[in-house]
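Just below is one structure, and these are the notes that go with it.
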Amino acid sequence: MSGTTDNRKDPGLKVIKENGQQESYLVLSEDERAKEFIRPVRRSYIHKECGGVTHMNQKIAETYARDPYFYNGTFCAICGKHFDLLENGERQFTWGDGTGVGE
Ligand SMILES: [Zn+2]
């Protein structure tokens with residue numbers, strides 16, 4: 001399980017572990033996440049390419065809910081690597097309700 005940090009200079013953001021995940025992931029601060037969510041808090045997404053479901057940490061889920069545009073890319077647990085959210089204008093990941101991750 002990777003950690004999370006709200007420090008953009010955390011060295012763990014640049015460290016890739018054996019399983020392909022970063023040592024830590026950037027999230028919005030607790031104060032920022034305590035504000036209004038503009039999207040539902042969703043804990044998993046589907047990678048269109050492989051159809052696999054990836055579950056995420058609550059703080060990352062809340063960061064997406066507070067700011068859907070916060071991340072440019074994300075991890076697929078099935079493929080074991082990171083992908084851009086948008087490729088050739090197409091959303092690469094979707095939430096369970098079919099809407100795109102990052103919109
Ligand atoms: Zn995948």
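Annotations for the structure displayed:
- Meets criteria (under 20 Å from residue 24 (Cβ atoms), loosely packed, with under 15 Cβ neighbours inside 10 Å and not hydrophobic (A, V, I, L, M, F, W, C)) for residue 96: no
- Residues being more than 16 Å from the ligand (Cβ to nearest atom) and either open to solvent by 60 Å² or more (accessible area, probe 1.4 Å) or modelled with pLDDT of 95 or more (or both) - total across segment 39-70: 18
- Matching residues, segment 24-38, being acidic (Asp, Glu) and either in contact with a strand residue (DSSP E or B) (Cβ under 6 Å, 6 or more places away or on another chain) or open to solvent by 70 Å² or more (accessible area, probe 1.4 Å) (or both): 30, 31, 36
- Applying the criterion of being in a loop (DSSP other than H, G, I, E, B) and under 13 Å from residue 74 (Cα atoms) to the residues of segment 3-38, the residue that is nearest to the ligand (Cβ to nearest atom) is 20.
- The residue pairs whose first member lies in segment 86-103 and is among the charged types (D, E, K, R), whose second member is modelled with pLDDT of 95 or more and open to solvent by less than 50 Å² (accessible area, probe 1.4 Å), and whose beta carbons are closer than 6 Å, counting only pairs six or more residues apart or on different chains, are 91/100.
The values are calculated or read from the model by the stated rules, or taken from the named source; none is laboratory data. Just so you know, these numbers come straight off a predicted model, no measurement behind them. No Cβ is skipped: glycine too gets one built from the backbone with ideal geometry, and neighbour counts run over all protein chains shown. Remember, those area values only see protein heavy atoms, side chains included, never the ligands or the DNA or RNA. Shrake-Rupley method; radii C 1.70, N 1.55, O 1.52, S 1.80 Å.
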